[in-house]
1. For segment 391-422, which positions are of a type in the set (Ser, Thr, Tyr), part of a strand (DSSP E or B) and at pLDDT below 95?
2. For segment 268-297, what are the residues that are in a loop (DSSP other than H, G, I, E, B) and either surrounded by fewer than 17 Cβ atoms within 10 Å (Cβ to Cβ) or in contact with a Gly (Cβ under 6 Å, 6 or more places away or on another chain) (or both)?
3. For segment 164-177, state whether one or more residues are outside any loop (DSSP other than H, G, I, E, B) and surrounded by 18 or more Cβ atoms within 10 Å (Cβ to Cβ).
4. What's the total number of residues in segment 423-468 that are in a loop (DSSP other than H, G, I, E, B) and of a type in the set (A, V, I, L, M, F, W, C)?
5. Does residue 180 meet the test of being more than 38 Å from the chain's Cα centre (by Cα) and more than 30 Å from residue 131 (Cα to Cα)?
6. Which of the residues spanning segment 232-244 are out of contact with any Pro (no Cβ under 9 Å at 6 or more places or on another chain) and at pLDDT 95 or above?
7. Being under 24 Å from residue 335 (Cα atoms), among the hydroxyl-bearing types (Ser, Thr, Tyr) and in contact with a strand residue (DSSP E or B) (Cβ under 8 Å, 6 or more places away or on another chain) is the requirement here; does residue 266 meet it?
Amino acid sequence: MNPARRTTAAAATAVVLATAGGLLTATAAPASAATTCTSPVFKRQFFANTTFSGTPKKTDCDSAIDQNWGTGAPASGLPTNYFGVRWTVTRDFGSGGPFTLSASGLDGIRVYLDGTRKIDLWKNTSTTVSKTVNLTIPSGTHTLRVDYVNWTGSAKVKFGYVPRTSATVDTVKPLAPTGASVSYDTATGKATIRWAKNKEMDLAGYRVFRRLKGASFGSTPLATTTATTYTDTALPVSGDTYYYEVRAYDKAGNVSSGTADLAVTTVDRSAPALPTGLSTASEAEGLRVGWSAVEGAASYQVYRAASADGAYNRLGTTSGLSYLDASAVEDTTYYYRVTALDAAGNESPWSAAVTGKRRDLTPPSAVTGVTVTPTEYGFEVRWDANPTADLASYAVRRGELWGDEEEQVCSLYPGFHVSADTTSYAYTTLPDGEESCFIVDAIDDAGNSSFQWTGEAQIVTATEFDTTPSVATPEGSPLTLTATGAEGDEGNLLEWHGLGESAPEQAGGFRIYRWNPATSAYEKIAAPASGAVQYFDTGARRGTTSYYWVTAVADDGTESLPAGDWAVTAPAG
């Protein structure tokens, strides 16, 4: 009950009114000033009559209509009977909906909505009268007015209006929240959404939704709150654009439409995925590292270490899918890792390591000091030791001279390989007086050839000795002789065929002859028995060319025509 009190100029100038939400303060004003009450507080006027005519005796603010004055006067200067009190309030009902109006009192009470009477209990009574009305209030702003009169006797009055919140009765959804805005803190990555308090009297709260650009709002809200602000602390910092909307819901479960989308473009602190599929390939200019594309990557950074567990140092950055490490040393193993960077500079974790070695493409220096000396077995080739650190071998190559005297070309045969710690080679060939050309090529442990890379080498020419016998081998022998130079200490191997074991031409065996240049004759050195097919000449001197005949001997001692061949042996050691 809120009885009115008389105030004077000397009295306090503030009247404190209790409300459901706290304390309302109405400032007393001079009689000449109009009284203003903030909705939803009622403006209350006291009249000294029951017709509400003339100037009110008093005007103040009343947060609730629930007074019992008994038989006394409701305010100073008013009679105890035949007085009237009028309450008015204009407020925003939001989306409106079903409401219940309840009134009771001694004596008369009338309730109006926008000037239309909804409750009429207008009579002098000695008992309390009451009435409840259910009605639908349209959305928007409306005015309630309550008129009360006391004719005689006790005076009391009570009025209230409340929304009906049953889901079977209230099917009116709230209005969408207004004044929605969003702010974004780039330092913390948090977004704060704010909106104005909804006018619904049966409001239960708000639901906040978030969606990624290009997606739709889901059915599950990001948050539910009764406040008018919400801070999203879990917003991804991925550089993407997100949208928020706020929806109001009432106690009956009706949900409003959403606010206009509120856009936030986040800072990008999300790193792309790490690169995969790393590979290495040796090229002429360096060692190339490659990898597969990473979605969202704007560039890649390449790191290198000298060992699997060593420190990785950044080599460089590229927007492509490979990087050429021109600083890689040939024939050295390196370890590489790659990271992906997005447009915001976020760097992925390191990729798995990949190893690579730049192939040695640097040829040895050219061989110098080459000399060629004709010998009885062919040629003695010598050269200076090559200073190349990774030298693996030498290739001694002989060739034929093509062209005239003014311009000749050395057409080379494949050649023979000798170890890197050797500087000479006994080149065996039939010394028959031909002119030959020679080169010595240096080859490193990567297979690089000085001559193949540069096309240049020291060419030395030399003419063979002519050691061929002055006696020619006749044609028509029934035998075929093959002579092979000695390998080790077993001597030159002579093998023949052409006559069977029962052939009369070899009944007496065979005879083997070797050319003696000192006597200019073939001299017999052996007489294998019948049926023999080979002979080892251990008496042949090393480092020379030996020429042979073989004949078949009949029973009567007659020899067949000789078959001839030759064998070259290099010097021992």
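1. The first filter runs over segment 391-422 and keeps only residues of a type in the set (Ser, Thr, Tyr), leaving 393-394, 411, 413, 419, 422.
Keeping just the survivors that are part of a strand (DSSP E or B) gives 393-394, 411, 419.
The one that is of a type in the set (Ser, Thr, Tyr), part of a strand (DSSP E or B) and at pLDDT below 95: 411.
2. Our first condition is that a residue be in a loop (DSSP other than H, G, I, E, B); within segment 268-297, this holds for 269-278, 284-285, 291-297.
Result: 269, 270, 272, 273, 276, 277, 284, 285, 291, 292, 293, 295.
3. Filtering segment 164-177 for residues outside any loop (DSSP other than H, G, I, E, B) gives none.
No, every residue in segment 164-177 fails to be outside any loop (DSSP other than H, G, I, E, B) and surrounded by 18 or more Cβ atoms within 10 Å (Cβ to Cβ).
4. Step one: list which residues in segment 423-468 are in a loop (DSSP other than H, G, I, E, B), which gives 423, 429-431, 433-434, 445-448, 455-459, 464-465, 467-468.
The next check asks that each one be of a type in the set (A, V, I, L, M, F, W, C); those that pass are 430, 446, 457, 459, 465.
Looking only at that region, the number is 5.
5. Numbers: more than 38 Å from the chain's Cα centre (by Cα): no; more than 30 Å from residue 131 (Cα to Cα): yes.
Here the answer is no, as residue 180 does not meet what is asked.
6. Going residue by residue through segment 232-244, those that are out of contact with any Pro (no Cβ under 9 Å at 6 or more places or on another chain) are 232-241, 243-244.
Of everything in segment 232-244, those that are out of contact with any Pro (no Cβ under 9 Å at 6 or more places or on another chain) and at pLDDT 95 or above turn out to be 232, 233, 234, 235, 241, 243, 244.
7. Values: under 24 Å from residue 335 (Cα atoms): no; among the hydroxyl-bearing types (Ser, Thr, Tyr): yes; in contact with a strand residue (DSSP E or B) (Cβ under 8 Å, 6 or more places away or on another chain): yes.
Judged against the criteria, residue 266 is not a match.
A quick yes/no check of all residues on (1) in contact with a strand residue (DSSP E or B) (Cβ under 7 Å, 6 or more places away or on another chain); (2) surrounded by 15 or more Cβ atoms within 10 Å (Cβ to Cβ); (3) acidic (Asp, Glu); (4) assigned to a strand (DSSP E or B):
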| residue | (1), (2), (3), (4) |
| --- | --- |
| 43 | yes, yes, no, yes |
| 67 | yes, yes, no, yes |
| 76 | no, no, no, no |
| 89 | yes, yes, no, yes |
| 98 | yes, yes, no, yes |
| 111 | yes, yes, no, yes |
| 119 | yes, yes, no, yes |
| 123 | yes, no, no, no |
| 134 | yes, no, no, yes |
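The values are calculated or read from the model by the stated rules, or taken from the named source; none is laboratory data. These numbers were taken from a predicted model, which means no experiment stands behind them. Positions of Cβ are backbone-derived with ideal geometry, glycine not excepted, and every protein chain shown enters the neighbour counts.
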